[in-house]
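Beneath this line is the structure, given in structure tokens, with notes to follow.
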Amino acid sequence: MKTEIKQLDDIRLLVDAFYAKVRQDDLLGRIFDRVIQDRWPQHLGKMYTFWQTVLLGEHTYYGNPFGPHAELPVERKHFERWLELFHQTLDEHFEGEKADEAKWRASKMAEMFQFKIAYFRDSGQKPLV
């Protein structure tokens, strides 16, 4: 049964189910495993606090979401797949306003990250972070 995203346990379910898909994905899995290596518990914890801050307004994430992505070997197809898996996960488990907001925010974040990664690649500059 689908529920609304209301609390941290819902965020944990979203993040855990989503990254289980990512890790099994032919396009994304190797990239994430290469970067994260054996630090999956730390990464998942950071994602819990990120989405808790974004969706629930509970300010538990203090970081720079773009920084770790700035020099990844990713392009449009990777972001499209990331969004596809994220939306699938939301649709499988959740409904309501927060689920819609999560889709919208993820789409905007993917769009911004693509733009910034392309800018830094094309300009030869490095991000300040």
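Derivation of every value follows stated rules applied to the coordinates shown; laboratory data play no part. What you see is a predicted model, and the numbers here were worked out from it, not measured in a lab. So basically every Cβ, Gly included, is an ideal-geometry build from the backbone, and we count neighbours across all protein chains shown.
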Neighbour cut-off at most 16 other Cβ (10 Å), DSSP loop, chymotrypsin sites (Phe, Trp or Tyr not before Pro), segment 62-129: Tyr62, Phe66
Unsatisfied cross-links (Cα-Cα over 28 Å) in the set Lys6/Lys116; Lys46/Lys103; Lys6/Lys108: Lys6/Lys116
Cα lying deepest toward the dipole's positive end in the chain, options Phe94, Leu8, Ser107, charges on Cβ: Ser107
Top of Val35, Val54, Val22 by mean-square fluctuation, Gaussian network on the chain, Cα under 10 Å: Val35
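Residue separation times 0.36 nm, minus the C-alpha to C-alpha distance between Asp33 and Arg121: what's the value?
Numbers: separation 88, 0.36 × 88 = 31.68 nm, distance 2.26 nm.
That works out to 29.4 nm of additional length.
If the convex hull of the alpha-carbon atoms of the chain is projected onto planes in all directions, what is the mean projected area in square nanometres?
7.8 nm²
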Sequence-separation-based contact order of the chain, relative, with Cα cut under 8 Å and 6+ spacing, percent: 36 percent
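Looking at segment 30-129, which trypsin sites (Lys or Arg not before Pro) are DSSP coil and have at most 14 other C-beta atoms within 10 Å of their C-beta? Before the final figure, lay out the partial values.
Numbers: sites: Arg30, Arg34, Arg39, Lys46, Arg76, Lys77, Arg81, Lys98, Lys103, Arg105, Lys108, Lys116, Arg121; in loops: Arg39.
Loop-located and lightly packed - Arg39.
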Coil-residue GluC sites (Glu not before Pro) of segment 76-123, DSSP, other Cβ within 10 Å capped at 16: Glu95
Size of electric dipole in the chain: Cβ of Lys, Arg +1 and of Asp, Glu -1, about Cα centre, debye, nearest 20: 500 debye
